[in-house]
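To keep things clear, I will list the structure first and then write my remarks on it.
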Amino acid sequence: MRILLATIALLVSPAAAEARTACGRAQTKAIARTADAWLFKSGATLEACTSVHTPPIRLGSAAARWRIAGRHVAVVDRGALTLRDLLLPLSTDRKRLNAKDGTVRGLSVSLTGGAAWIEDHAGGSREVRAASDGQAPVALDAGRGISPAFVHVAASIVSWQKGGSIRVGSFLDERDAPQSWGEEPLGTVGDVELSYATPTVIARYKHGRRVRLGAAYTPDTRDDSAGGIDAIRVSGAAIAVRENATVNGRSASGRLQVFDLARGTSRTPCQALAIWNFVLTTGGSTACAMVVDTLGGTSVNRIVAENAVLDEGDRTVTDLDQRGTELSWRHGDQTRTAALPAAQPAVPLPCGPRAAGTFEISAAARVYVSSGVAKACSTGSRRVSTLGSSARVSSVSLGGRFAAVVRDQTSGQSLHVYDIRTGRLAGRRATAPAIGDVVLAPSGLAVFVDAGRLHDTLGTTYPAADTTGSIDSVQVTGRVVSWVDALDRLHLQEVTGDPTFDVPAADGDLMTRLGITVSLAKGQLLARFGAITLPLGTAACAGLRGCEGITGVGVWGSVIGTFGRAGTFVLHDLASGATTTQSCSVDASTPPIFRC
């Protein structure tokens, strides 16, 4: 997404390239820069400045470790961790966040002012801790299996690595948690990039498509509940995601989902009251230790591997793990083992290299990434079309032989539709501040919603675009685009004619309500009610002067009403056969209001 690119530019580590400061001391070079602040070294001192607070702000010694995100900087100097808001340097609480005997290892800062770190203590114990400005640190996890370097924070969501899995949690209550600034990184595991955009955890394999995994685990103290993704395992392009939920402190539901990030598919191999441990093999198969019941207050635990029950018992049936080529778990005082479940069958790709990251895939086509370039291929053809740089590709939709590619720009987004066979553009390039979901017709016409209005890649002007908020309500039937508004009325508009891009006519059903189906056949609108078929008229054409046609349809019981471009409102009672016609004035609003 466009916001992710901006976010990455704002999250800076000490490896950032040097640049001259726009504030602070003369003749100094910045060691880090964000949109809000500059960090630089002056002699034996680490300092910062901002466009708002230009005098240098002393952060610590030049040997201090630091992380900066936007206006927020965390500094570890002489063993003490502090967090600063550089735009409010005098009001920021600069208390030590780590314990006096705690050594800070991994460190991360979010754009909203949260910090997360790994803290070592005497005796080899280790903690994951987090805090925000003015808030006391919160311990999210403790133990010996925590990785010292892997920790990331996005808004109030923290990710860390423990025992081969990525753990996810929030250090703030749901009511207090800030919204993320777009999409912020949660770390990289193998070829999989994890990120967070409130409230969703997102995964991306080899710079391909962004797959939304679900909401991150967040507590809600109002009803002593919590829920969401709390653990993730990665194996190649497969990612296993554990979700657990509690209500009043008791387990309410749990499930394990496995996503194939290369193909965009998912499945749910485990579902129960709670999922404890789980395994994801290199072959994409899973095993789970889970709570299936609580009989008389006693847990009934079960070990399941790809729908095969391996063991069952009380709460001592737990600690599932993979040991080499076997599964291992504890049943009371015993350690039990079983062979790993068979690998999941490989699903062939329609075309293109298997190792490449995929943006979108269908049964007959694929758009993938190769050396920083977006490419498209199709079955039955050796031709590979180049669709330009993959760096700013936000999303891809496939329809027939066409691919619709949304790219982030410096300001807003663009939409191009390509013919996969040739790599050439189909229709016009569309731009908008934010392009939502895209409906791509088999003809190559793409329709999208931007700020509640409809647009397409032929430049059609749509007089009404009050959709129900979902692109699912938008349909392209040949040259006619239809959508349903918040009042459950069907709107119709024919696309703009373009001599360089032909959109053929087509037939199909547009809407079904209360047993009445409105359909398009050879340019004519029809209403079907049981054995009755009633012609309604022609669909509205694309805004030509003097153009007539139906622009809207409403259904009330057995009565169907049509709105004409000229202000004609016709009611058809399909039960009695009666027809009533009225002349109406039309207000130029969105959607238009007919006053009859």
Accessible area of the chain belonging to carbon and sulfur atoms, whole % at 1.4 Å probe: 50
Mean accessible surface per residue for the chain, computed with a 1.4 Å probe while every protein chain stays in place, in Å²: 44
Bins of 5 Å from zero: percent of alpha-carbon pairs in the range 33-123: 3, 15, 25, 26, 18, 8, 3, 1, 0, 0
Over the chain: helical MRE at 222 nm, DSSP H runs n ≥ 4 each giving -39500 (n - 2.57), nearest 500: -500 deg cm²/dmol
Two-site FRET efficiency, Asp173 against Thr325, from Cβ-Cβ distance with R₀ of 41 Å, rounded to 0.05: 0.40
The range 60-125 and the range 367-406: distance between their alpha carbon centers, rounded to Å: 43
Two-site label geometry, Thr512 and Thr103: point separation in nm, points 7 Å out along Cα→Cβ: 6.8
Cα-based convex hull, the chain, per residue volume (Å³, whole number): 222
Of the trypsin sites (Lys or Arg not before Pro) in the range 365-450, those whose Cβ has at most 11 other Cβ within 10 Å and which sit in DSSP loop: Arg382, Arg424, Arg429
Loop-exposed GluC sites (Glu not before Pro) per DSSP, neighbour cap 14 Cβ within 10 angstrom, longest uninterrupted part of the chain: 19-547
Contour excess over end-to-end distance, with Cα ends at Ala149 and Ser414 and 0.36 nm allotted per residue: 91.6 nm
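Which FRET efficiency, nearest 0.05, do Leu534 and Val247 yield, Cβ-Cβ r, R0 41 Å?
According to the calculation, E is roughly 0.20.
Evaluate the charge dipole of the chain about its Cα centre and quote only its size in Debye, nearest 20, assuming +1 on the Cβ of each Lys and Arg and -1 on the Cβ of each Asp and Glu.
That gives a dipole near 1920 debye.
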12 Å beta-carbon shell around Thr221, net charge (K/R +1, D/E -1): -4
Distance in nm between pseudo-label sites at Lys29 and Ser583 (7 Å out along the Cβ direction from Cα): 7.9
FRET efficiency, Thr431 to Gln334 (Cβ-Cβ, R0 60 Å, nearest 0.05): 0.40
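Beyond a 30 Å Cα-Cα separation, which of these cross-linked pairs lie in this structure: Lys41/Lys95; Lys29/Lys100; Lys41/Lys100; Lys162/Lys206?
Over 30 Å Cα-Cα: Lys29/Lys100.
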For the range 497-530 versus the range 184-259, the gap between their alpha-carbon centres in whole angstrom: 41
Trypsin sites (Lys or Arg not before Pro) lying in DSSP loop within the range 133-191, provided at most 14 other Cβ fall within 10 Å: Arg144, Arg175
Label-to-label distance, nm, for residues given as Asp502 and Ser576 (7 Å Cα→Cβ offset): 4.8
Computed lengthening from Gln524 to Ala342, 0.36 nm per intervening residue step minus Cα-Cα distance: 60.0 nm
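Around Leu398, with a cut-off of 15 angstrom between Cβ atoms, what is the net charge of the other residues, counting Lys and Arg +1 and Asp and Glu -1?
Result for the local shell: +3.
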11 Å beta-carbon shell around Val234, net charge (K/R +1, D/E -1): -1
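The values are calculated or read from the model by the stated rules, or taken from the named source; none is laboratory data. For clarity, every value in this text was computed on a predicted model and none was experimentally measured. Cβ coordinates were reconstructed from backbone atoms using ideal geometry, including for glycine residues, and neighbour counts include every protein chain displayed. These area figures cover heavy atoms from the full protein model, side chains too; ligands, DNA and RNA do not enter into them. Shrake-Rupley method; radii C 1.70, N 1.55, O 1.52, S 1.80 Å.
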